[in-house]
1. Give or take rounding to whole Å, what are the principal axis extents of the alpha carbon atoms in the range 8-104, in descending order?
2. In the range 80-206, with Lys and Arg counted as +1 and Asp and Glu as -1 at Cβ, which of these residues, Val184, Gly132, Gly167, has the Cα nearest the positive end of the dipole, that is, farthest along it?
3. FRET efficiency for Ile39 and Asp159, Cβ-Cβ distance as r, R0 = 25 Å, nearest 0.05?
4. Around Leu25, with a cut-off of 12 angstrom between Cβ atoms, what is the net charge of the other residues, counting Lys and Arg +1 and Asp and Glu -1?
5. Specify the angular offset, from 0 to 90 degrees and rounded to the nearest 10, of the alpha carbon long axis of helix 49-67 from the longest principal axis of the alpha carbons in the chain.
6. Given the options Leu68, Ser18, Pro149, identify the residue whose Cα lies farthest towards the positive end of the charge dipole of the chain (+1 on Cβ of Lys, Arg; -1 on Cβ of Asp, Glu).
7. Can you work out the FRET efficiency for the pair Thr101 and Leu171, with r the C-beta to C-beta distance and R0 = 22 Å, to the nearest 0.05?
8. Amide H neighbours of Val133 under 5 Å, at least 5 residues apart or on other chains, H built in the peptide plane: list them.
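Every number in this text was worked out from the coordinates using simple rules, so none of it is lab data. Every value quoted in this text rests on a predicted model; they were computed, and no experiment measured them. Quick reminder, even Gly has a Cβ in these numbers, built from the backbone with ideal geometry, and neighbours come from all protein chains shown.
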Amino acid sequence: MTTKAMERGFKLILGSQSMARKRILAEMGYDYTIVTADIDEKAIRTEKPEDLVVALAEAKANEIISKLGGESQFAQDPQPTLLITADTVVVYKGVIREKPTTKEEAREFIKGYSGSHGGVVGSVLVRNLKTGVRRGGWDKAEVYFHEIPEQVIDDLIDDAITYKVAGGLTLEHPLISPFIDSVVGGVDTVMGLPKELTEKFINDVL
């Protein structure tokens with residue numbers, strides 16, 4: 001099967017294990033390999049969520065490049081290799097929410113969305129490892145919820161996926177999807193990879 005990356009003569013690395021990001025990139029027609037970053041996300045702090053997600057995507061990219069032996073490893077390659085990293089946070093009543101770490105925190109997060117709404121800020125960074133050219137930015141969306149029953153909240157808290165996503169919020173989860181009222185902005189941004197920005201930055205760095 002010919003993919004967009006093959007057709008356009010470059011290789012693609014996705015710096016994420018996120019199922020949603022993998023699916024979005026595949027939907028965009030790209031094949032890729034995965035290399036993940038081992039960084040302490042809690043050690044990177046900024047006041048603005050937009051700055052935070054960009055800083056985290058940068059930190060992930062730097063760690064992955066270091067893991068791969070540095071950009072110089074790619075300088076002589078006939079084909080460019082592009083690295084995509086991304087990060088997502090939820091903003092609820094002005095407070096940044098990352099992945100919940102305890103059941104109590106997960107309950108507080110999900111209960112807060114019930115009959116209310118949460119903002120999602122997502123970044124994407126595309127780096128051409130052959131040339132060093134990079135482009136990055138962020139997008140945002142707002143998710144509005146109906147009332148979420150206590151039993152559903154209990155079941156979500158018992159599901160491991162809740163602790164792997166920003167704000168404990170995953171739109172495609174069969175338990176939560178019936179209680180989503182509307183999404184203002186890109187669903188792909190909420191899922192973790194803004195398609196339009198990703199495509200634009202891929203074009204920009206080639």
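1. Cα extents, longest axis first: 49, 29, 23 Å.
2. Gly132
3. Values: r = 25 Å, r/R0 = 1.01.
In this case the efficiency is close to 0.50.
4. On the way: positive: Lys4, Arg21, Lys22, Arg23, Lys195; negative: Glu27, Asp31, Asp188, Glu199.
Taking every Cβ under 12 Å from that of Leu25, the sum is +1.
5. It works out to around 40 degrees.
6. Towards the positive end, the residue furthest out is Leu68.
7. On the way: r = 21 Å, r/R0 = 0.96.
That pair, Thr101 with Leu171, gives E of 0.55.
8. Under 5 Å from the amide H of Val133: Asn128.
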